[in-house]
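Undergrad: Have a look at this one.
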Amino acid sequence: MDNRRQNKMASLLQETMGNILLKDVKAYVGSSVLVSITSVKVSPDLSSAKFYVSVFNLEDAQQAVDILNASSHEWRKRLGAELKHNLRIIPQIEFFLDDTLEYAQKMNELFMNLKNEDKKK
């Protein structure tokens with residue numbers, strides 16, 4: 001169960017990493033790719049953080065997540081530089097692909113197809 005401290009840290013990490021990615025992610029995944037952090041989950045001991053990201057304008061979104069994970073030490077270093085006065089320990093970070101939007105779109109298409117089939121009957 002998330003507690004207040006985890007939620008506060010997750011919010012701080014999401015905002016800070018979002019700003020870092022906005023400025024610097026182009027060098028890693030390409031200039032036309034947009035990477036957005038949709039949520040952050042922090043472990044109870046605050047030692048690790050899971051960043052869930054959505055990737056736009058890239059055919060293989062998992063490739064961008066793999067690139068981010070391959071350079072996670074660099075992202076953690078930048079996060080530490082930004083948050084050095086706010087946190088004693090910078091958590092280990094890991095990126096995951098958030099496919100919620102794709103799932104919602106597929107479900108919407110299925111419902112529309114069902115609705116169209118009912119109209120044909």
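Undergrad: Would you check if there is a residue in the range 104-117 being outside any helix (DSSP H, G or I) and without any contact (Cβ under 8 Å) to a residue 60 or more places away in the chain? Before you say what the answer is, go through the steps one by one.
TA: First, pick out the residues of the range 104-117 that are outside any helix (DSSP H, G or I): none.
No, every residue in the range 104-117 fails to be outside any helix (DSSP H, G or I) and without any contact (Cβ under 8 Å) to a residue 60 or more places away in the chain.
Undergrad: Please specify each residue of the range 19-33 satisfying the condition of being hydrophobic (A, V, I, L, M, F, W, C), over 22 Å from Thr100 (Cβ atoms) and touching a residue at least 12 places away in the same chain (Cβ under 8 Å). Lay out the reasoning, then the answer.
TA: Quick first cut of the range 19-33, residues hydrophobic (A, V, I, L, M, F, W, C) only: 20-22, 25, 27, 29, 33.
Add one more test, that the residue is over 22 Å from Thr100 (Cβ atoms), and what stays is 20, 27.
Of everything in the range 19-33, just one residue is hydrophobic (A, V, I, L, M, F, W, C), over 22 Å from Thr100 (Cβ atoms) and touching a residue at least 12 places away in the same chain (Cβ under 8 Å), namely Ile20.
Undergrad: On to the next question. Any idea which residue in the range 64-87 is nearest to Arg5 (Cα to Cα), counting only those that are touching a helix residue (DSSP H, G or I) at 6+ places or on another chain (Cβ under 8 Å) and in a helix (DSSP H, G or I)?
TA: Residues of the range 64-87 touching a helix residue (DSSP H, G or I) at 6+ places or on another chain (Cβ under 8 Å): 64, 67-68, 71, 75, 78-79, 82-83, 86-87.
Filter once more, keeping what is in a helix (DSSP H, G or I): 64, 67-68, 75, 78-79, 82-83.
On the way: Ala64: 30, Ile67: 30, Leu68: 26, Trp75: 22, Arg78: 22, Leu79: 18, Glu82: 19, Leu83: 16 Å.
Filtering the range 64-87 for residues that are touching a helix residue (DSSP H, G or I) at 6+ places or on another chain (Cβ under 8 Å) and in a helix (DSSP H, G or I), the one nearest to Arg5 (Cα to Cα) comes out as Leu83.
Undergrad: Let me ask something else about it. Does Gly18 fit the bill of being among the small types (Gly, Ala, Ser), assigned to a helix (DSSP H, G or I) and out of contact with any strand residue (DSSP E or B) (no Cβ under 8 Å at 6 or more places or on another chain)?
TA: Working: among the small types (Gly, Ala, Ser): yes; assigned to a helix (DSSP H, G or I): yes; out of contact with any strand residue (DSSP E or B) (no Cβ under 8 Å at 6 or more places or on another chain): no.
Criteria not met by Gly18.
Undergrad: Still on this structure: So which residues in the range 27-50 are among the small types (Gly, Ala, Ser) and in contact with a helix residue (DSSP H, G or I) (Cβ under 6 Å, 6 or more places away or on another chain), if there are any at all? Walk me through it before giving the result.
TA: Going residue by residue through the range 27-50, those that are among the small types (Gly, Ala, Ser) are 27, 30-32, 36, 39, 43, 47-49.
The one that is among the small types (Gly, Ala, Ser) and in contact with a helix residue (DSSP H, G or I) (Cβ under 6 Å, 6 or more places away or on another chain): Ala49.
Undergrad: Continuing with this model, one more query. Of the residues Val29, Val42, Val25, which single one is at pLDDT 90 or above and either small (Gly, Ala, Ser) or surrounded by 15 or more Cβ atoms within 10 Å (Cβ to Cβ) (or both)?
TA: Numbers: Val29 fails: at pLDDT 90 or above; Val25 fails: at pLDDT 90 or above.
Of Val29, Val42, Val25, the one residue that is at pLDDT 90 or above and either small (Gly, Ala, Ser) or surrounded by 15 or more Cβ atoms within 10 Å (Cβ to Cβ) (or both) is Val42.
Undergrad: Could I ask something else about it? Specify which of the listed residues (Glu74, Glu15, Glu82) is under 14 Å from the mean Cα position of the chain (by Cα) and surrounded by 11 or more Cβ atoms within 10 Å (Cβ to Cβ).
TA: Glu15
Undergrad: Kindly provide the set of residues from the range 1-18 that are closer than 13 Å to Trp75 by Cβ and either in contact with a Gly (Cβ under 9 Å, 6 or more places away or on another chain) or in contact (Cβ under 8 Å) with a residue 40 or more places away in the chain (or both), ordered by number.
TA: Correct list: Leu13, Thr16, Met17.
Undergrad: Here are some conditions: (1) more than 16 Å from Asp99 (Cβ to Cβ); (2) part of a strand (DSSP E or B); (3) among the polar types (S, T, N, Q). Ser36 meets all but one. Which one does it not meet?
TA: That leaves (1) as the condition not met.
Undergrad: Are any residues in the range 39-66 β-branched (Val, Ile, Thr) and either farther than 23 Å from Glu102 by Cβ or more than 13 Å from the chain's Cα centre (by Cα) (or both), and if so, which ones?
TA: To start, the set of residues in the range 39-66 that are β-branched (Val, Ile, Thr) comprises 40, 42, 53, 55, 65.
Val42, the sole residue that qualifies.
Undergrad: Can you name the residue in the range 87-121 that is loosely packed, with under 11 Cβ neighbours inside 10 Å and closer than 20 Å to Glu15 by Cβ and is also nearest to the chain's Cα centre (by Cα) among such residues?
TA: Ile89
The values are calculated or read from the model by the stated rules, or taken from the named source; none is laboratory data. These numbers were taken from a predicted model, which means no experiment stands behind them. Ideal geometry is used to build each Cβ from the backbone, glycine not excepted, and the neighbour counts take in all protein chains shown.
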